[in-house]
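**Q** Take this structure, written in structure tokens, and hold onto it; I'll ask about it next.
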Amino acid sequence: NGVSEYGVYRDGHRVATVTDPTYIDEHLSYKKEYCYAVTTISSYESGLSEEVCATPLVPTTISVPTNLVAVATSTSTIDLQWDKVNEADNYKVYQGSNLIADEITGTIYTVENLDAETNYCFVVTAVNIVGESEDSESACATTFKDRPAAPIVTATADNESEITLTWESVDGALSYNVYQDEEVIASEITNTTYTITNLDPETNYCFIVTAVNEIGESENSESACATTLKAKPAPPVVTATADSESAI
């Protein structure tokens, strides 16, 4: 009598304040024991009642996971997240009909080792002592586009002052950069050949080439080297003198 509210405590922490002397605690694990005590609240709050404990019953069904979301996080990973199923012990992840992960205890999972710029779809199931749920709704995502591969480059000396670089076309490349001694000497090249001029004769030069797309720049190619040709000799300085009416 004279009590307006009751405080409900679970394991020493208040979980509810109610006006009627009854409370249903939900979203619990069926394998765990929970202990409760109650206080009365009027102008002040009483001390805790004696504690009572109970363990939720074993479930007879298991719900399907909901709100599965797939988000690409890199060229090779996709993060999955879904809502918790209260009666689930763990979860399984499927890609198509293939099981790719099981005994997942949380509601987040990262799928790894995927191909770049590829669409993947997944479903999740919940598992407990009863068995496995039906599949969740499918969630799909496309991995990020990757940087292009490094070109394969060859260097050929054309003469005493020029070397021409050639390389194989790289899929997805928008342009190419040429480096000498880690410095860019040419950029935004749209074909697969480039000639370096004004070089010294009989000198070895090495170059690398990178491919570029909208994501970024590739790794460096293997170094391509060539030695310029020996220079032609300078022309002689000639004078002509008439020695006689028939000889110069």
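The values are calculated or read from the model by the stated rules, or taken from the named source; none is laboratory data. Being a predicted model, the structure only gives us computed values, none of them experimental. Cβ sites come from the backbone with ideal geometry, for glycine too, and all protein chains shown count toward neighbours. Note: accessible area is taken over every heavy atom of the protein model, side chains too, but ligands, DNA and RNA are not part of it. Shrake-Rupley method; radii C 1.70, N 1.55, O 1.52, S 1.80 Å.
**Q** Could you work out what % of the accessible surface of the chain is carbon and sulfur, using a 1.4 angstrom probe and leaving DNA, RNA and ligands out of the count?
**A** Of the solvent-accessible surface of the chain, carbon and sulfur hold 47 percent.
**Q** Taking a 1.4 Å probe, which of 83, 171 shows the most accessible area, and what order do the others take after it?
**A** The ordering from most to least exposed comes out as 171, 83.
**Q** What accessible area per residue, rounded to a whole number of Å², is obtained for the chain using a probe radius of 1.4 Å?
**A** On a per-residue basis, 63 Å².
**Q** P(r) for the chain: what percent of alpha-carbon pairs falls in each 10 Å bin, starting at zero?
**A** 6, 17, 13, 12, 12, 10, 9, 7, 5, 3, 2, 1, 1, 1, 0, 0
**Q** May I ask you to list the aspartates and glutamates whose Cα is less than 17 Å away from that of residue 145, ignoring any residue fewer than eight positions away on the same chain?
**A** List returned: 79, 112, 115, 117, 171, 214, 217, 219.
**Q** Evaluated at 20 °C with a viscosity of 1.002 mPa s, what Stokes-Einstein diffusion coefficient in µm²/s does segment 119-215 have when Rh comes from the Kirkwood expression over alpha-carbon pairs?
**A** In µm²/s, the coefficient rounds to 125.
**Q** Same structure again: Of the chain, which part is the longest with no trypsin sites (Lys or Arg not before Pro) in a loop (DSSP not H, G, I, E, B) and with at most 10 other C-beta atoms within 10 angstrom?
**A** 33-229
**Q** I've got another one for you. Taking just the alpha carbons, could you work out the radius of gyration and Dmax for segment 169-248, both in angstroms?
**A** 23.0, 80
**Q** Largest first and to the nearest Å, give the Cα extent of segment 1-105 along each principal axis.
**A** Projected onto the principal axes, the Cα atoms of segment 1-105 cover 64, 30, 19 Å.
**Q** Moving to a separate point now. Please enumerate, by chain and number, the lysines with C-alpha under 23 Å from the C-alpha of residue 92, excluding those fewer than 8 residues away in the same chain.
**A** Counting by Cα, and skipping residues close in sequence, residue 92 has these lysines nearby: 31, 32, 84.
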